[in-house]
1. Please report the relative contact order for the chain, taking Cα pairs under 8 Å with a sequence separation of at least 6, and give it as a percent rounded to a whole number.
2. Translational diffusion coefficient, Stokes-Einstein: compute it for the chain using the Kirkwood radius over C-alpha pairs as Rh, at 10 °C and 1.306 mPa s, and state it as an integer in µm² s⁻¹.
3. Using a 10 Å cut-off around each Cβ, can you sort Lys68, Lys271, Lys282 from fewest to most neighbouring Cβ atoms?
4. Under a crude label model (7 Å from the Cα following the beta-carbon direction), how far is Tyr125 from Ala275 in nanometres?
5. Give me the mean projected area, in nm² to one decimal, of the convex hull enclosing the Cα positions of segment 10-179.
6. What fraction of the Cα pairs in segment 182-260, stated in percent, has a spacing above 21 angstrom?
7. Expressed as a fraction of 2.2 N^0.38 Å, the rule-of-thumb size for a compact globular protein of N residues, what is the C-alpha radius of gyration of segment 39-89?
8. List every residue whose amide H lies under 5 Å from the amide H of Leu126, counting only residues 5 or more places away in sequence or on a different chain, with H placed 1.01 Å from N in the peptide plane.
Amino acid sequence: MLQPSQLTQNGPTLSRLVWGVMTWGVWGRNYSPQEMQELIRYGVDQGVTTFDHADIYGHYTTEETFGKALALDPGLRQKIQLVTKCGIKLITPNRPQYKIKSYDTSIEHIRWSVERSLKNLQTDYLDVLLIHRPSPLMDPDDIGLIFTRLKEEGKVLHFGVSNFTTDQYAMLHSRFPLVTNQVEANLLHLDPFLDGTFDNLILRKVRPMVWSPLGGASLFTDQEDARILRIREAAEAVAKKRSGATLDQIYLAWLLMHPARVLPVLGTTRKERMATAIDALKIELTREEWFSLWTASTGEEVP
Ligand SMILES: NC(=O)c1ccc[n+]([C@@H]2O[C@H](COP(=O)([O-])OP(=O)(O)OC[C@H]3O[C@@H](n4cnc5c(N)ncnc54)[C@H](OP(=O)(O)O)[C@@H]3O)[C@@H](O)[C@H]2O)c1
């Protein structure tokens, strides 16, 4: 059973591994409410109690299917934490009013999006709301205002951001206390290790959430890319020293070793893979092993 993790002081307590549902709906497996309910219950039993959504997933349909899954078991909502995101406007027949893909972080849009997420998820409150992407037009005063109102109304308990630079994070945090920055980090995407994102969050005592912690499926399936082949070879060498360890466990253990103490948001749609990920928490790499993977990724020795 996983131990829960606090994102920051006075922030929410989420599960150590978060289950991302981006491909549970029509963007992937197209699970029914019953199938989703089974996965949610499995997660809860294992201590994976936090589920990561966005309004846009499944072209604005996955929250609704997930809400139907929750409605099948009225006690289930209280056992989980719901994270969702807003601010991206996608072109889709489900939103015919949007003519181009764009961002909207206005007071009106955030309010509208939250009300829809609450309705779709069949819940009275969201545990965490994230601004999905930084918009060049975002006004921190407006965002701070609507965050304050939604919190006072009890509709959203905590607020964070996703894919924000360190400066963008600081700008919004100056108006409203943020609890996380959800960013992409994996062996194919080292930016947050290098551009100050993780350092800044450590400085603030805020834990990042990490999307694509396994780099999507490419780290397992790509047979062509020289960088991926190098990483896989390095991970296989590390796995070989731990009988039974799998590549996904080594990739995850590598990420978990970083002092930012990230909360990985796993995108798997299968119970077995979540079980494997949970077991990865027991794996500790040596520093040399960690750097062997880093070096395989960058393609050069550290200076
Ligand atoms: N904030 C943002 O901007 C943002 C952007 C993208 C995603 N997200 C969030 O992050 C979550 C995770 O993203 P992600 O899906 O890219 O994460 P991921 O966990 O890195 O990748 C999951 C993918 O890898 C496959 N996979 C896992 N282990 C495998 C193995 N051993 N062999 C072959 N394939 C394997 C999974 O397939 P199976 O399903 O078959 O296991 C799935 O297709 C999303 O669900 C979403 O909640 C956030």
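1. Numbers: 536 pairs, mean separation 48.8, N = 303.
Contact order relative to length: 16 percent.
2. On the way: Rh = 19.9 Å.
Once the numbers are plugged in, D ends up at 80 µm²/s.
3. Values: Lys68 17, Lys271 14, Lys282 10.
Sorted ascending by nearby Cβ count, the order is Lys282, Lys271, Lys68.
4. 3.4
5. Numbers: hull surface 38.7 nm².
Average projection, Cα convex hull of segment 10-179: 9.7 nm².
6. Details: 977 of 3081 pairs.
Within segment 182-260, distances greater than 21 Å cover 32 percent of Cα pairs.
7. On the way: Rg = 11.4 Å, N = 51, 2.2 N^0.38 = 9.8 Å.
In units of the globular-protein estimate, segment 39-89 measures up at 1.17.
8. Counting only residues 5 or more places away or on other chains, the set is Val156, Leu157.
Values in this text are rule-based calculations from the coordinates and carry no lab data. Bear in mind that the values here come from a model prediction, so they are computed numbers and not experimental data. As a convention, Cβ positions derive from the backbone with ideal geometry for all residues, glycine included, and neighbour counts pool all protein chains shown.
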